[in-house]
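The values are calculated or read from the model by the stated rules, or taken from the named source; none is laboratory data. Since the model is a prediction, treat every value here as computed from it, not as a measurement. Heads up, the Cβs are rebuilt from the backbone with ideal geometry, glycines too, and the neighbour counts pull from every protein chain shown. Side chains included, ligands, DNA and RNA excluded: accessible areas come from the protein's heavy atoms. Shrake-Rupley method; radii C 1.70, N 1.55, O 1.52, S 1.80 Å.
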Amino acid sequence: MSYKALYRKYRPQNFDEVIGQEHVTETLKNQIKSGRVSHAYLFCGIRGTGKTSVAKIFAKAVNCPDSIEGNPCLKCEICNEISSGSSMNAIEIDAASNNGVDNIREIREEVKYVPTKGKYKVYIIDEVHMLSTSAFNALLKVLEEPPSHVIFILATTEAQKIPATILSRCQRFDLKRIPIKSIAGALANVTLKEEIKVEEKALNYIASLSDGSMRDALSLLDQIVAFSGDEKVTHKMVLDIIGTVDNKMFADIIKNINEKNISNCIEQINEIYLNGKDMKQFVSQMVEFLRNLLIVSSIHDSEDILDMSTESVEELKQLTQIVSYDKILEYINEFAALESKIKYDSQPKITVEITLIRLASLEVRVRMSEVPNEKKVEQVKKQSVKKIIDKALPEDIKQGIKMWKDIKEACANPLKSMLVDTEAKYYNNKSYCIVCSDNIIKSYMEKNINVIKNKIEDILKKEYNIKLMTKEEYENEMRNSNESSENEEPNKDDEDMKNVEEFFNKFGVKVERIEN
Ligand SMILES: [Zn+2]
């Protein structure tokens, strides 16, 4: 018997074997059980999430005389015929190669005839977004009045390209990207059945590379098994075959930047380059690596969020012992900027090297500034001289609130990026209140309060009493103060005075209050 690709061999045969799409399969099973099936469905989702597999299972289940709980029996004649592709009850059409109006007209002719076996003719149109406009119009005519024995299942990776008139006639199901853990679990089952020896770490890695597509994961496993022969499939082997740089490589580069070891950085980049790695891909993977590192350093139980093996998370945790949170943020900013910069770069390797050198030298600069020296003392003196400015009055606070956007803009990264979601809000006449989205941002700002204060005073030329609050704290405070002011008796004199002021203001006369 000829070799059958794993993804064909392990195609799900009933709804319960479909991985990660319970929200779709359960609904379809219920519809079949209750006999309330629709005449047109649209299955959307990235490649390899099971759109056509689910469609074929559905075609069997609606026709199978012995269906069990909405699943096909897989034993009867109809089930077997649909599985082997010889049935007239399930007709698969690839719209990528049959996208003309004539192809759809043919279908319109065919649908008139009732099936000789089973209840329904199920037309599965894959890549339906490829149909021409006239073909869509022809399809619309059938969908407007579908014969009772016909069901259309349209499958697409690009739902936004489907005309609204078609969309409105279909019951839509979105198939999700399959989580890495589920893919790894399914791969483990396959390797067990196939008696393939494999490390768990290797399976997790294959799963993470497949980007939510079961088909890609199985194809990848196929390739790797073909390469490994009878040897046990290891993580290292997968890395070698796929040609991606290991997390360890990223970690080493970050360590070297952190230790300002420029020559090692350059050597590593050279090695990656010589191994045929695409520099642009390297940079975007570095951004992802740093993002994971940031999550590990700020969240206690990060395993679930990261969808990573415990081993990898442990490795990241070790790195956060050496590299501080602020530095990780700084690196992310730099590499994210680099990512867009090298998109059209003809010499990406050089640009990457320059960035690494700059980052490593930046570390030197930071170190220097941490050591008190004469220059620094001078700076402090300068700052204290600068400090002799007027204290902010209530109108200065109002002005400050208006100017917060400009102040944020004037800050340097990484502080600038941390301030993105902050707002200056009115709190009282004495303090300049900055509201942060959460506690992480607030504590970051607390650590950098002097930098922020200096920036504010630089721009507004007044000395402010700064108050940091989280959104929640601010809202609570405001609610409390509203409640207490509601309980207070309105001040009659104040009201009268206001009226007098307003009256005179109309004539351009400013009224000044004299305190008794
Ligand atoms: Zn059956």
Once Lys and Arg are counted +1 and Asp and Glu -1 for all other residues with Cβ under 11 Å from that of LEU329, the total becomes 0
For the chain, the longest principal axis of the Cα atoms and the Cα long axis of helix 325-341 enclose an angle in degrees, to the nearest 10, of 60 degrees
With a ≥ b ≥ c from the Cα gyration tensor eigenvalues, square-rooted, and the rule rounded for a/c under 1.5, otherwise prolate when a/b > b/c and oblate otherwise, the range 93-162 is prolate
SASA check, ARG169, accessible area w/ 1.4 Å probe, all protein chains in place, rounded to nearest 10 Å², comes out at 100 Å²
HN-Hα couplings for the range 168-184 via Karplus (6.51, -1.76, 1.60; θ = phi - 60°), in whole Hz with x for Gly/Pro, come out as 5, 9, 10, 8, 9, 10, 9, 8, 8, 4, 7, x, 4, 4, 5, 5, 4
Ignoring ligands and nucleic acids, GLU457 exposes an accessible area, probe 1.4 Å, in Å² to the nearest 10, of 10 Å²
Given backbone amide H placed at 1.01 Å from N, residues whose amide H is under 5 Å from that of ILE124, ignoring those fewer than 5 places away on the same chain, are ILE91, GLU92, ILE93, ILE153
For GLN171, the residues 5 or more places away or on another chain with a placed amide H closer than 5 Å to its own amide H are ALA40, TYR41, LEU42
Amide H contacts under 5 Å for THR470, restricted to residues at least 5 apart in sequence or on another chain and with H modeled in the peptide plane, are CYS436
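Looking at this model, which pairs from LYS327/LYS391; LYS75/LYS119; LYS317/LYS447; LYS4/LYS112 are more than 29 angstrom apart at the alpha-carbon? Each step should come with its number before you reach the end.
On the way: LYS327/LYS391 34 Å; LYS75/LYS119 17 Å; LYS317/LYS447 22 Å; LYS4/LYS112 37 Å.
Violating the 29 Å Cα-Cα cut-off are LYS327/LYS391; LYS4/LYS112.
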At the level of C-alpha centres, the distance separating the range 323-353 and the range 1-52, in angstrom, is 41 Å
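For the range 86-156, state which trypsin sites (Lys or Arg not before Pro) are in a DSSP loop and have at most 10 other beta carbons lying within 10 Å of their beta carbon. Numbers along the way, then the final one.
Details: sites: ARG105, ARG108, LYS112, LYS117, LYS119, LYS121, LYS141; in loops: LYS112, LYS117, LYS119.
Listed in order of number, the matching sites are LYS112.
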Accessible-area order for MET478, MET130, MET237, largest to smallest, probe 1.4 angstrom, reads MET130, MET478, MET237
Taking a ≥ b ≥ c as the square roots of the Cα gyration tensor eigenvalues, with a/c under 1.5 meaning rounded and otherwise prolate when a/b beats b/c or oblate if not, the chain comes out oblate
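Could you list, in their original order, any pairs among LYS29/LYS56; LYS405/LYS430; LYS260/LYS442 whose Cα atoms are separated by more than 24 Å?
Values: LYS29/LYS56 13 Å; LYS405/LYS430 20 Å; LYS260/LYS442 30 Å.
Among LYS29/LYS56; LYS405/LYS430; LYS260/LYS442, the Cα-Cα distance tops 24 Å for LYS260/LYS442.
So, by mean Cβ neighbours within 10 angstrom, what's the order for 341-348, 78-85 with the highest one leading? Mind showing how you got there, number by number?
Details: 341-348: 12.9, 78-85: 17.5.
The packing order, highest mean first, is 78-85, 341-348.
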At the level of C-alpha centres, the distance separating the range 66-132 and the range 396-428, in angstrom, is 60 Å
